[in-house]
């Protein structure tokens, strides 16, 4: 086995981060909600048309803020995909919600809209839609569905910065939305996220929760002569050093997106433009479901909408063939990885919602067992495709 020469991810640096971090140090405010926090929030609002933005220490934190804002109570139900990262579920489980898992579409890892509607009942509080790989195939239909039933719509847009549907950015459709700035994302601050408040009824309370449950912001605005604890909250704010780092990334977003687009298109040509027979021969006649899936899933989405080139995935015909593919790439020094494991089959759900562990969600299980993500980062060597 060769040592890993091509990792799955390598965080990109624009070269501007350190200068902005030094500037933040010179300004003397490091804890959060300083110059760079406010600059990032304002740019996100202006560039993407988001509602009011609150930078957070993580996308997980942003989702936890969303759960607090919805005033989730034990017994309330939240509908979400099983094929997602654990943070999507944790935020609502922490508030005592019952997690109601939906299956994905058969050809793409996004929740099945018809099944979601069938799961709605009098206890349903919210729908959480996850934009896998930066796509929002049915987001307008989900907005209509939520409005029809009087439910809150939450966008987990962790992977979806810069993605559009019909000229409108993902993250603007939900009552609340979140983005991630984890080091694996298109732009990053090591760890980081943002809560987007599009529904104005949540705005005042969001400020309080963001300030650890206090009315501290009113005090600093001169509206009160002291501040006090008035609601639940936590230490959600991103540090000013991280915000300065993120500001350096945000200055180069267009260039980063252009580079990722070139990488994505290179992969797409490799697997879909007259290469499928060569690919199958090279790997002992592996029958890739990926070829058809790419044509019907990712490719169609790019024709209809504007994706953000966050990741590139393949879906194999079996778990065994996926494992062989990962092992073969690793023998060539290339690290590829699988992705989410179906949450409804997790140890936590077996222990705390055993009835959900019995669900049959076949499409989620297929993606969990057969999907593989290829290396994808700004500085990916040009000969990577040759190795694959």
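Since every read-out is calculated from the coordinates, none of them should be taken as a lab result. Since this is a predicted model, take the numbers as computed values, not measurements. FYI the Cβ positions are ideal-geometry reconstructions off the backbone, even for glycines, and counts take in every protein chain you see.
General observations
- Across the chain, C-alpha contacts under 8 Å between residues 6 or more apart give a mean separation that, scaled by the residue count, equals a relative contact order of 24 percent.
- Crossing angle, helix 35-48 versus the chain [Cα axis fit, 0-90 degrees, rounded to tens]: 60 degrees
- Using alpha-carbon coordinates, inclination of helix 240-250 to the longest axis of the chain, degrees: 50 degrees
- Translational diffusion of the range 1-44, µm² s⁻¹ [Kirkwood Rh, Cα pairs; Stokes-Einstein; 25 °C; 0.890 mPa s]: 185 µm²/s
- The translational diffusion coefficient of the range 170-225, from Stokes-Einstein at 4 °C and 1.567 mPa s with a Kirkwood hydrodynamic radius over alpha carbon pairs, comes to 100 µm²/s.
- When shorter helices are ignored and each DSSP H run of at least 4 residues is given -39500 (n - 2.57), the per-residue value for the chain at 222 nm works out to -12000 deg cm²/dmol.
- Stretched out straight at 0.36 nm per residue, the stretch from residue 18 to residue 351 would grow longer than its current Cα-Cα span by 115.3 nm.
- Rg and Dmax of the chain, Cα atoms only, in Å: 21.4, 74
- The calculated P(r) of the range 102-151, using every Cα pair and 5 Å bins from 0, goes 5, 20, 34, 25, 12, 4, 0 in percent.
- In terms of the mean number of neighbouring beta-carbon atoms within 10 Å, the peptides 66-74, 157-165 order highest first as 157-165, 66-74.
- Crossing angle, helix 139-149 versus the chain [Cα axis fit, 0-90 degrees, rounded to tens]: 50 degrees
- Taken over the range 20-120, the percentage of Cα pairs per 5 Å bin, counting from 0 up to the bin with the maximum distance, is 2, 11, 15, 15, 15, 15, 11, 7, 5, 3, 1, 0.
- Spatial separation of Cα centroids for the range 222-236 and the range 178-205, in angstrom: 21 Å
- When the P(r) is computed for the range 67-224, the part past 19 Å accounts for 56% of the Cα-Cα pairs.
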